[in-house]
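To keep things clear, I will list the structure first and then write my remarks on it.
The values are calculated or read from the model by the stated rules, or taken from the named source; none is laboratory data. A quick note: this is a predicted structure, and the numbers were derived from the prediction, not measured. We place every Cβ from the backbone using ideal geometry, glycine too, and count neighbours over all the protein chains shown.
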Amino acid sequence: MSRKTEADAVAETRQLLSNCGLRTTAARLAVMHWLQEAHSPATHAEIASSLVPLGFDKATVLRNLTDLVEAGLVTRKELGDHVWRFELRDNSHPQGCEHPHFICVDCGSVTCLHAFEISKAAMKSVTEIGRMTEILIRGHCQLCQ
């Protein structure tokens, strides 16, 4: 099996953007590439700090993040600390319910919990209350405990 080349990845991203009705711009490709490489949700400041040295200004990065959220390719979440974080939409979960996150109450680091599963009994009790849209677990990360 052949490995996907960088050109293949760019072509896939271009097609994804096109399918959502978005123009393919250098800034939009840069933001998408940054998010594809990220291992956890990131703030606008974190993304911009990497992309500004490449010639993209902070406002352009934010505009593109907003466009990608509106197109449904990226999710924007606030994890209780009044800071918006962005990540690629995880299509393995139903629309409106993303994978859980762990946030360290000391350092603020965020970790995606892709393998976290909630039992059927727990889901049943949740659905009796309402519709779950997010699971957020707070605690102390390995570095802070």
Of the residues in segment 1-25 that are part of a helix (DSSP H, G or I) and either in contact with a Leu (Cβ under 9 Å, 6 or more places away or on another chain) or not assigned by TED's automatic domain parsing to the domain that holds Glu46 (or both), the one that is nearest to Thr60 (Cα to Cα) is Leu17
Please pick out the residue among Leu62, Leu17, Leu88, Leu79 that is more than 23 Å from Cys141 (Cβ to Cβ), touching a residue at least 24 places away in the same chain (Cβ under 8 Å) and hydrophobic (A, V, I, L, M, F, W, C). Leu17
Considering residues of segment 76-113 that are on the phi > 0 side of the Ramachandran plot and assigned by TED's automatic domain parsing to the domain that holds Ala42 only, the residue modelled with the highest pLDDT: His82
Tally of residues being of a type in the set (Gly, Ala, Ser) and within 11 Å of the chain's Cα centre (by Cα) across segment 16-40: 2
